[in-house]
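Before any comments, here is the structure.
Each reported figure results from applying straightforward, stated rules to the coordinates on display, with no laboratory input. A quick note: this is a predicted structure, and the numbers were derived from the prediction, not measured. All Cβ positions, glycine included, derive from the backbone under ideal geometry; neighbour counts span all protein chains shown.
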Amino acid sequence: MPARPKSPAPLLEAEKAPADWQPLQPKTLVDLAIEAIIAGAAAGLVLPGDRIVEADLARKLGVSRVPVREALRLLESQGIVVNEPYKGIRLRPVTNQRVDDLIDARVALEASAMARAVSAGRNTGSHLAPLRATVRQMEAMAARGDPYGVATADTEFHRTLCRLGGNSVTLDLWETLARQFTIIFGLATFGKPMLDVVQEHRDLLAVFEGGDVALIGRTLDEHITVMNQAVDYEAIVAARRAARDKQ
């Protein structure tokens, strides 16, 4: 009599099937317009302080003005664009002081999230798989010389860290600033080699896995505060604008 097949190994927690089917969320034209604007800003196609003309942008994106108008309205509520009387809509200027303020908020939110993740044991094993995958994606984008791809992967890496913290309020607060982070991450790639950005994330991941909360805090501060303060964002924007104006 043939031997009975062995029972399959139990699924890891991260591999268990969902309790019910989750409906797919199709992207609307508004969503796509928002992504296009953020991508253009991170890649330097539109620079901080540049005017964004609704009709021109709609023509470039191949859509009507309605989704572009709604996208700009939503981005204004998130501080990505500003609407000034008699000046129209502009991509929010990026100053070194503004970046410093955002950095302070990031460090506070992410340090708290990482400490909570370590306390809950979510800094080892399968919990790290999304972070490792994101670093690989970041490396692939860096090899292609794609600033928006690097910026998007950078944003997802830090979003995942906040998610692992398990505090929905921390994650919600972080998400309100996420698109501003993506633009800044993209601009930063013009100020330092993209592969250096990748290595910083590898180092942070290794320290996070080690679980030393004090060392995690110091490494995070080095990654976010010190590294970003070494980048002159105002000079990057000015240089990109000067190069564009010569074309």
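Points to keep in mind about this one:
- Candidate cross-link partners of residue 60 among the aspartates and glutamates, defined by an alpha-carbon separation under 17 Å and a same-chain spacing of 8 or more, comprise 31, 35, 50, 70.
- Remark: the residue 221-residue 29 segment gains 65.3 nm on full extension, using 0.36 nm per residue and subtracting the alpha carbon distance.
- Computed from the C-beta positions of residue 232 and residue 82, the FRET efficiency with R₀ = 22 Å rounds to 0.50.
- Gap separating the Cα centres of the range 225-247 and the range 162-201, nearest whole Å: 18
- Calculated P(r) of the range 76-189 - Cα pairs past 18 Å, %: 57
- Restricting the calculation to Cα atoms, the chain shows an Rg/Rh of 1.04 when the hydrodynamic-style radius is the Kirkwood one.
- Expected 222 nm ellipticity per residue - DSSP helices of 4 or more, -39500 (n - 2.57), all of the chain, to 500: -20500 deg cm²/dmol
- Relative intensity of the range 29-93 on a log10 scale, I(q)/I(0) at q = 0.15 Å⁻¹, equals -0.38, per a Debye sum over C-alpha point scatterers of equal strength in the absence of solvent.
- With the simple spin-label model, which puts each label point 7 Å out from Cα in the Cβ direction, the residue 136 to residue 242 separation comes to 4.2 nm.
- 12 Å beta-carbon shell around residue 36, net charge (K/R +1, D/E -1): 0
- The chain: angle of helix 96-119 to the longest principal axis, Cα-based, in degrees nearest 10: 10
- Charge dipole (the range 96-237, unit charges on Cβ, about Cα centre) - positive-most of 206, 155, 166: 166
- The local environment of residue 141, defined by Cβ-Cβ distances under 12 Å, has a net charge of -2 under the rule Lys, Arg +1 and Asp, Glu -1.
- Near-label residues of the range 156-178 by backbone N, under 18 Å of a point 7 Å along Cα→Cβ of residue 74: 156, 172-178
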